[in-house]
1. Residues in region 45-67 that are open to solvent by less than 90 Å² (accessible area, probe 1.4 Å), assigned to a loop (DSSP other than H, G, I, E, B) and modelled with pLDDT of 90 or more: how many?
2. What's the number of the condition Arg3 fails, among (1) open to solvent by less than 90 Å² (accessible area, probe 1.4 Å); (2) in contact with a Ser or Thr (Cβ under 7 Å, 6 or more places away or on another chain); (3) not acidic (Asp, Glu)?
3. Return the only residue of Met1, Met53 being aliphatic (A, V, I, L, M) and in contact (Cβ under 8 Å) with a residue 12 or more places away in the chain.
4. Does Thr16 count as of a type in the set (Ser, Thr, Tyr) and out of contact with any Asp or Glu (no Cβ under 9 Å at 6 or more places or on another chain)?
5. Pick from Glu54, Glu44, Glu33: which is more than 12 Å from Arg3 (Cβ to Cβ) and under 20 Å from the mean Cα position of the chain (by Cα)?
6. Residues of region 14-39 being in a helix (DSSP H, G or I) and open to solvent by less than 50 Å² (accessible area, probe 1.4 Å), which ones?
Amino acid sequence: MARTDQELKATQERITYFEALVAQFRVTTSPQEFKLMAGGFLHEIEKMDAEVMEYLGRHATEASPAEAA
């Protein structure tokens, strides 16, 4: 979970990198290989995207759920 704008940027860059990998897999692997190779990356992209949306949904003055606990 991103706690700072710097962590947000790093997460967004990681998402972009993973998306590029999956896009490459789509054209360089067989359908069977694609399902095996892409699944974990797609899951991680979804997880990181949810974290980004949670971070962006909070005002800069609000504490993150981890900080509030």
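1. First, the residues of region 45-67 that are open to solvent by less than 90 Å² (accessible area, probe 1.4 Å): 45, 48-52, 54-55, 57-58, 63-66.
Right, trim to assigned to a loop (DSSP other than H, G, I, E, B) and you get 57-58, 63-64.
Then drop every residue that is not modelled with pLDDT of 90 or more, which leaves 57-58.
Number satisfying all stated conditions: 2.
2. In the conditions (1) open to solvent by less than 90 Å² (accessible area, probe 1.4 Å); (2) in contact with a Ser or Thr (Cβ under 7 Å, 6 or more places away or on another chain); (3) not acidic (Asp, Glu), Arg3 misses (1) alone.
3. Details: Met53 fails: in contact (Cβ under 8 Å) with a residue 12 or more places away in the chain.
After ruling out the rest, the residue left standing is Met1.
4. Details: of a type in the set (Ser, Thr, Tyr): yes; out of contact with any Asp or Glu (no Cβ under 9 Å at 6 or more places or on another chain): yes.
It is true that Thr16 is of a type in the set (Ser, Thr, Tyr) and out of contact with any Asp or Glu (no Cβ under 9 Å at 6 or more places or on another chain).
5. On the way: Glu54 fails: more than 12 Å from Arg3 (Cβ to Cβ); Glu33 fails: under 20 Å from the mean Cα position of the chain (by Cα).
From the options Glu54, Glu44, Glu33, the qualifying one is Glu44.
6. Residues of region 14-39 in a helix (DSSP H, G or I): 14-28, 31-39.
Once the filter is applied, which keeps residues that are in a helix (DSSP H, G or I) and open to solvent by less than 50 Å² (accessible area, probe 1.4 Å), region 14-39 yields Ile15, Phe18, Leu21, Val22, Phe25, Ala38, Gly39.
The values are calculated or read from the model by the stated rules, or taken from the named source; none is laboratory data. Everything numeric in this text was worked out from a predicted model, so none of it was measured. So basically every Cβ, Gly included, is an ideal-geometry build from the backbone, and we count neighbours across all protein chains shown. Side chains included, ligands, DNA and RNA excluded: accessible areas come from the protein's heavy atoms. Shrake-Rupley method; radii C 1.70, N 1.55, O 1.52, S 1.80 Å.
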